[in-house]
Amino acid sequence: MTIPDYETIMLPLLRLTSDGLEHRLSTTITDLADEFGLSQEERQAMLPSGRQATLANRVGWARTYMAKAGLLDSSQRGLFKITERGRDLLSRNPPRIDGPVLRQFPEFVQFQRPRSTEKVPTDDAISSLQQTPVEVIERAVQSLNDTLAQDLLDRIKSLDPIAFERLVLKLLLAMGYGDLRADAGHHTGRPADQGIDGVINEDELGLGTIYIQAKKWANAVEGPEVRNFAGSLAGQHATKGVLITTSTFTPDAKEFVRTVGSQRIVLIDGPRLAQL
């Protein structure tokens, strides 16, 4: 079972309130999850922003829309109950409650009436979305962010290797490593750099040091390369390292990092780099 869209939720939600009692949204969400047979993973699935559960968002909007249509009374904060109009609609045994059904009621039409500068959406356009307004906005933002990240990664791949090494060093400093001190990091990349392209001193006394290796590669970084980096860290008596690439890491490279002993190595691939 997939998480139902907000229109599919409307009829079961109205039926739950047919007892005439006041209902709380949090309890109703659980009841509807049980009715739809949702798994724990589906109940906990989040919107793209990670700020709210998808099911909770859809139940909330189903309640809001039906309240705007006069089917529910949500005048008390956090509580709602069925109205006489809601009872009348249920008595007609509708197979489904959706946008076209709600637009029978003038209050809902007024609620959805666009400003004069906005284009009036058609029933088909609204029904085809099957998403709450928050979902539409968050998915649009996510799409823009994904496009921006890909554009950034394409620009990063066009840099020469030395410029790339300096870029990732600046990125880590801007993220707060080195306590935002201008002199906290320095670029070491050169032909005999022994696998270390940059160093960040986390404190002024140099008690904590992060060693960086940057690989502007098209092919995936494999396990032996990560093990070589670990060897370079050992040669510096270092315990912290960041290996950054414009490509990806193979499964054996990731597995080595999970099993390495005293060293803490963080792998950052191209997509993650662009997001940062």
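The values are calculated or read from the model by the stated rules, or taken from the named source; none is laboratory data. Please read these numbers as outputs of a predicted model, since none were measured by experiment. Glycine also receives a Cβ, built like all others from the backbone with ideal geometry; neighbour counts cover every protein chain displayed. The protein model used for the area step is the full one, side chains on, heavy atoms only, and it has no ligands, DNA or RNA in it. Shrake-Rupley method; radii C 1.70, N 1.55, O 1.52, S 1.80 Å.
In this structure, ALA274 does not qualify as assigned to a loop (DSSP other than H, G, I, E, B), within 30 Å of GLN142 (Cβ to Cβ) and modelled with pLDDT of 90 or more.
I'm checking my understanding of the structure. Among residues of segment 19-62 that are under 24 Å from THR83 (Cβ atoms) and of a type in the set (Gly, Ala, Ser), which one is most open to solvent (accessible area, probe 1.4 Å)? So the residue we want is SER26. Residues of segment 241-261 that are under 25 Å from GLY208 (Cα atoms) and without any contact (Cβ under 8 Å) to a residue 12 or more places away in the chain: ARG258, THR259, GLY261.
I'd like the full set of residues that are of a type outside the set (A, V, I, L, M, F, W, C) and touching a Pro at 6+ places or on another chain (Cβ under 8 Å), limited to segment 4-55.
Of everything in segment 4-55, just one residue is of a type outside the set (A, V, I, L, M, F, W, C) and touching a Pro at 6+ places or on another chain (Cβ under 8 Å), namely GLU35.
Is it the case that segment 3-22 has a residue that's farther than 13 Å from THR132 by Cα, polar (S, T, N, Q) and not in a helix (DSSP H, G or I)? No, because not a single residue in segment 3-22 is farther than 13 Å from THR132 by Cα, polar (S, T, N, Q) and not in a helix (DSSP H, G or I). The numbered conditions (1) under 21 Å from GLN131 (Cβ atoms); (2) open to solvent by less than 20 Å² (accessible area, probe 1.4 Å); (3) of a type outside the set (Val, Ile, Thr) are all true for GLY86 except (1).
When you check ALA33 against the structure, is it closer than 19 Å to ILE3 by Cα, touching a helix residue (DSSP H, G or I) at 6+ places or on another chain (Cβ under 7 Å), of a type outside the set (S, T, N, Q) and at pLDDT 95 or above, yes or no?
On the way: closer than 19 Å to ILE3 by Cα: yes; touching a helix residue (DSSP H, G or I) at 6+ places or on another chain (Cβ under 7 Å): yes; of a type outside the set (S, T, N, Q): yes; at pLDDT 95 or above: yes.
When the stated conditions are applied, ALA33 passes them.
Identify, please: which residue in segment 219-270 is part of a loop (DSSP other than H, G, I, E, B) and among the charged types (D, E, K, R) and is, among those, most open to solvent (accessible area, probe 1.4 Å)?
If we filter segment 219-270 for residues that are part of a loop (DSSP other than H, G, I, E, B), which is where we start, we get 219-220, 222, 236-239, 246-248, 250, 260-263, 269.
Now drop any that are not among the charged types (D, E, K, R), which leaves 222, 269.
Details: GLU222: 102, ASP269: 43 Å².
Going through the qualifying residues, I end up with GLU222.
Taken over segment 163-201, the criterion of being of a type in the set (Phe, Trp, Tyr) and either at pLDDT below 80 or more than 17 Å from TRP217 (Cα to Cα) (or both) is satisfied by TYR177 alone.
For segment 135-157, the set of residues classified as without any contact (Cβ under 8 Å) to a residue 40 or more places away in the chain and farther than 13 Å from ALA274 by Cβ consists of VAL136, ILE137, ALA140, SER143, LEU144, listed by residue number.
Looking only at segment 63-79, filter to residues that are surrounded by 22 or more Cβ atoms within 10 Å (Cβ to Cβ) and not basic (Lys, Arg); which one of those is farthest from PRO12 (Cα to Cα)? So, considering only residues that are surrounded by 22 or more Cβ atoms within 10 Å (Cβ to Cβ) and not basic (Lys, Arg), the one farthest from PRO12 (Cα to Cα) is ALA69.
Among the residues of segment 97-139, the one identified as modelled with pLDDT of 85 or more, in a loop (DSSP other than H, G, I, E, B) and exposed (fewer than 14 other Cβ atoms within 10 Å of the Cβ) is GLN104.
Residues being open to solvent by less than 70 Å² (accessible area, probe 1.4 Å) and either farther than 12 Å from ALA214 by Cα or in contact (Cβ under 8 Å) with a residue 60 or more places away in the chain (or both): count how many of those fall in segment 160-175. Spell out how you get there, then give the answer.
In the first step, residues of segment 160-175 are kept if they are open to solvent by less than 70 Å² (accessible area, probe 1.4 Å); the result is 162-165, 167-169, 171-173.
With the extra rule that they be either farther than 12 Å from ALA214 by Cα or in contact (Cβ under 8 Å) with a residue 60 or more places away in the chain (or both), the set shrinks to 164, 168, 171-173.
So the count comes out to 5.
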